[in-house]
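The values are calculated or read from the model by the stated rules, or taken from the named source; none is laboratory data. Note that the structure is a prediction, hence the values are computed from the model and not measured. Here the Cβ is made from the backbone with ideal geometry for all residues, glycine too, and neighbour counts use every protein chain on show. To get the accessible areas, we keep the full protein, side chains included, count just its heavy atoms, and leave off ligands, DNA and RNA. Shrake-Rupley method; radii C 1.70, N 1.55, O 1.52, S 1.80 Å.
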Amino acid sequence: MSQKPYGMICPITRACEILEPRWTIPILVGLWSGATKFNDLRREIGSISPALLSKRLKDLEAMGFVERVADPATGSVDYIRTEAAVALEPALNALAHWAQCHIEAEAALCTATVSSLMWGMRRSFDQSALPTRRVVLQFRFSDPGLAYDTYWALVQPGADAEICTSIPGFDIDLFVETNRTSLLGILLGRTTIARELASGQLYLSGDAVLARTMPRWLKRSEYADIEGIASLSSSGEASKPAVTRRLIVPTAAVAEPSLHLA
């Protein structure tokens, strides 16, 4: 028989106290994703002010989760995870699996900001499945109250994808009209491109081959194939997973910040 935690002296309680302050886990996840610069971290997280991010990084440095590395020659500063932060990866992975299966799909997906979603899209294009030339994609979001509702993705062979909030000056190959719940749902495996097209939440126009092959070149999250994932229904409402259980509904989405992507 497995031993159960013993009340408030359980180490789980102390771990939660350390990780509980808001933004601790999002910052660690941003560092885990490869962001080391202050502005890149802010883009990864989405809705955090520069002052608050600076404070939280200092707090994490004091707690031994983050190391601040300054280059005296250039003045640039990088933030890297310590061994203590790296050791949290299994726990964060477990949280991701739990969230995919136990948090109601629509409510979980709408908490993301479009700006942070599009910043993350830099890693979502499989260049081996795209034409061996420059490809320009336009993403237009129908969500209300956005600082930017249109973004452009430039994908070129042998280079990192670029995300822009201003017209890049090239012909558009594919126009993607969507909303944050639909696009993020596709990336996280909560729904599919085919289902979103059929429901009218996603509309593609332009290059017919690019539209047809979108499931090949749009890379999904590593958490998209988790067994028992709670998915969106075709109407956009969260459907019940295969095993009957009560799904957790988080709080409403935060307001979209004004954030320019370089």
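At a glance:
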{"item": "Residue ID - farthest from VAL209 (Cα to Cα), chosen from residues in segment 132-150 that are within 19 Å of the chain's Cα centre (by Cα) and charged (D, E, K, R)", "result": "ASP143"}
{"item": "Neighbours by Cβ (under 8 Å, 6+ apart or cross-chain): first from segment 216-234, at pLDDT below 90; second of a type in the set (S, T, N, Q) and exposed (fewer than 15 other Cβ atoms within 10 Å of the Cβ)", "result": "none"}
{"item": "Number of positions in segment 163-184 that are under 21 Å from the mean Cα position of the chain (by Cα) and outside any strand (DSSP E or B)", "result": "7"}
{"item": "Those residues of segment 36-49 which are more than 15 Å from THR113 (Cβ to Cβ) and either polar (S, T, N, Q) or in contact (Cβ under 8 Å) with a residue 12 or more places away in the chain (or both), in sequence order", "result": "THR36, LYS37, PHE38, ASN39"}
{"item": "Test for ARG122: is it within 15 Å of the chain's Cα centre (by Cα) and farther than 23 Å from LEU232 by Cα", "result": "yes"}
{"item": "Among (1) outside any strand (DSSP E or B); (2) surrounded by 12 or more Cβ atoms within 10 Å (Cβ to Cβ) - the single one ARG14 does not satisfy", "result": "(2)"}
{"item": "Those residues of segment 88-101 which are out of contact with any Gly (no Cβ under 6 Å at 6 or more places or on another chain) and either open to solvent by less than 60 Å² (accessible area, probe 1.4 Å) or aliphatic (A, V, I, L, M) (or both), in sequence order", "result": "LEU88, GLU89, ALA91, LEU92, ASN93, ALA94, LEU95, ALA96, ALA99, GLN100"}
{"item": "Any hit, segment 42-59, residues being open to solvent by less than 40 Å² (accessible area, probe 1.4 Å), more than 23 Å from ARG123 (Cα to Cα) and in contact with a strand residue (DSSP E or B) (Cβ under 7 Å, 6 or more places away or on another chain)", "result": "yes"}
{"item": "Complete set of residues in segment 35-69 that are closer than 13 Å to ILE80 by Cβ and not hydrophobic (A, V, I, L, M, F, W, C)", "result": "THR36, LYS37, ASP40, GLU61, GLY64, GLU67, ARG68"}
{"item": "Some residue of segment 149-160 being aromatic (Phe, Trp, Tyr), crowded, with 17+ Cβ neighbours inside 10 Å and under 20 Å from ALA108 (Cβ atoms)", "result": "no"}
{"item": "Among the residues listed as PHE65, PHE170, PHE141, the single one being out of contact with any Phe, Trp or Tyr (no Cβ under 7 Å at 6 or more places or on another chain), open to solvent by 30 Å² or more (accessible area, probe 1.4 Å) and in contact (Cβ under 8 Å) with a residue 12 or more places away in the chain", "result": "PHE170"}
{"item": "Residues being within 25 Å of ALA35 (Cβ to Cβ) and either open to solvent by 30 Å² or more (accessible area, probe 1.4 Å) or touching a helix residue (DSSP H, G or I) at 6+ places or on another chain (Cβ under 7 Å) (or both) - total across segment 121-134", "result": "8"}
{"item": "Residues of segment 185-201 satisfying the condition of being part of a helix (DSSP H, G or I), touching a helix residue (DSSP H, G or I) at 6+ places or on another chain (Cβ under 7 Å) and without any contact (Cβ under 8 Å) to a residue 40 or more places away in the chain", "result": "ILE186, ILE193, GLU196"}
